[in-house]
Amino acid sequence: MRSISISTDTYSKIWALRQLGEENEDDILQRVLLTTPTLRNPTLFSAGVGFSDARHNVHFAEGFKIKRRYLGSEFEAIATSGQWRLLNDGRLFGSLNELSKAIGAKTENAWLNWNFVDENGKVKKVGDLRETKATSQEESERYTPIIPPRVLGESNRFPQSGSWAADLIEAFINIGHDEVPLKKIYDEVQKIRSQVGRSVPSSLDATVRERLESHSSDSENFKGDLDLFYMPRGKGLGIW
């Protein structure tokens, strides 16, 4: 084994790619760098047009258009030559997450926020095109937010789901909006914790606010570990 030095941002991105059963950074990187994915339609993935996501086993044909609304503005992008082109300004990006960051979105599940129009004229989530849902447990594991051990101060093991930070990320994903008022966040976190039998303290509202602020560089209470949340309309308005 060899030791390498990496930045905190790179470390976090490695752990964000973790899949069930992977216990350390080497497990994750072995899969990402050394494993050849089994693709549902290899011909499409090797065609050199459109955009292919081998991790989720989905191919977007050349010119496939997606769109979304963010902070009152409309955005559109197309799959082209292995990348996403943002039609608003012509820039190219290598993933949906990069595309979302380019329009200002921070922590989110981009697959649930970009939409497309199907052959019947119905608006659907881009995530509907991914390799489909098998069991409810697998679906839960797929969408359960992953927080790197270093962020939560657990250097010897991968953290179990159930931390307040993980619950908050899951709440935002479940709500699926770009701007969420505190009341909705409180309600969703309470629901998440109640459904799995975790404690719901009387101080839940205050705890949620404290965790939001401690993981947001917009706040004076930011702890500097991981910048997860932000205030799209500015401080003091209760919108995250």
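The values are calculated or read from the model by the stated rules, or taken from the named source; none is laboratory data. The structure presented is a predicted model; accordingly, all values stated were derived computationally and were not measured. Cβ coordinates were reconstructed from backbone atoms using ideal geometry, including for glycine residues, and neighbour counts include every protein chain displayed. Side chains are part of the model used for accessible areas, which takes the heavy atoms of the whole protein and leaves out ligands, DNA and RNA. Shrake-Rupley method; radii C 1.70, N 1.55, O 1.52, S 1.80 Å.
Worth pointing out:
- Residues considered: T36, T10, T43. Of these, the only one that is assigned to a helix (DSSP H, G or I), among the polar types (S, T, N, Q), modelled with pLDDT under 75 and open to solvent by 50 Å² or more (accessible area, probe 1.4 Å) is T43.
- Residues in region 80-89 that are open to solvent by 30 Å² or more (accessible area, probe 1.4 Å) and at pLDDT 90 or above: 4 in all.
- Only a single criterion out of (1) modelled with pLDDT of 85 or more; (2) open to solvent by 40 Å² or more (accessible area, probe 1.4 Å); (3) not in a helix (DSSP H, G or I) is not satisfied by A77, namely (2).
- Matching residues, region 195-210, being modelled with pLDDT under 90 and either under 20 Å from I175 (Cβ atoms) or in contact with a Pro (Cβ under 6 Å, 6 or more places away or on another chain) (or both): Q195, V196, R198
- Condition check for V49: among the β-branched types (V, I, T) and at pLDDT below 75: yes
- In region 13-33, the qualifying residues are those that are among the hydrophobic types (A, V, I, L, M, F, W, C) and at pLDDT below 75, and the one that is surrounded by the fewest Cβ atoms within 10 Å (Cβ to Cβ) is L20.
- Scope region 180-213; condition in contact (Cβ under 8 Å) with a residue 12 or more places away in the chain and of a type in the set (S, T, N, Q); matching residues: Q190, T207
- Residue satisfying all of: in region 208-222; surrounded by 14 or more Cβ atoms within 10 Å (Cβ to Cβ) and over 20 Å from the mean Cα position of the chain (by Cα); nearest to T8 (Cα to Cα) among these: F222
- Residues in region 90-110 that are open to solvent by less than 20 Å² (accessible area, probe 1.4 Å) and within 11 Å of the chain's Cα centre (by Cα): L96, S100, A105, A110.
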